[in-house]
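Some notes on the structure that comes next.
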Amino acid sequence: MELTSKQRAQLRGIANTIDTIVHIGKDGISDNLVKQANDALEARELIKCKVLENSMLTAREACGQLAKLTRSEEVQVIGTKFVLYRQHYDKSKRKIELVKDKPRPVK
């Protein structure tokens, strides 16, 4: 699922209020870290992550790798923090309802 700019803006606004729950350190992205991120995405749909100073990865690299490994969408990368989103497969368990883009009128 590809996010639109309006949906990204909505998710960035929500991400401002949440705490960082995934920290990437000198070990980089390990199997345990991927499992932790998967569990958090399953429970919350939107997570904020931070790359610590002793990590060999930049925030952009870590975001790309973790998004691919968790099958999630990159929402934003700022400084050492980044935000990931994965919509819950079960509609009844979704916590975040994304805005729908209105179709553009044809002239």
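The values are calculated or read from the model by the stated rules, or taken from the named source; none is laboratory data. All figures in this text were calculated on a predicted structure; none of them were measured in a lab. Note that we place each Cβ from the backbone using ideal geometry, even for glycine, and neighbour counts take in every protein chain shown.
Some points to look at:
- Filtering the stretch 33-49 for residues that are more than 13 Å from the chain's Cα centre (by Cα), under 23 Å from Lys100 (Cβ atoms) and touching a residue at least 12 places away in the same chain (Cβ under 8 Å) leaves an empty set.
- So Leu98, is it at pLDDT 95 or above and surrounded by 12 or more Cβ atoms within 10 Å (Cβ to Cβ): no
- Of all the numbered requirements in (1) exposed (fewer than 15 other Cβ atoms within 10 Å of the Cβ); (2) more than 19 Å from Gln10 (Cβ to Cβ), Lys50 misses one, and that requirement is (1).
- Given (1) surrounded by 12 or more Cβ atoms within 10 Å (Cβ to Cβ); (2) of a type in the set (D, E, K, R); (3) on the phi < 0 side of the Ramachandran plot, index of the condition Lys93 fails: (1)
- Selection status of Glu45, of a type in the set (Asp, Glu), touching a Cys at 6+ places or on another chain (Cβ under 9 Å) and within 15 Å of Arg8 (Cα to Cα): no
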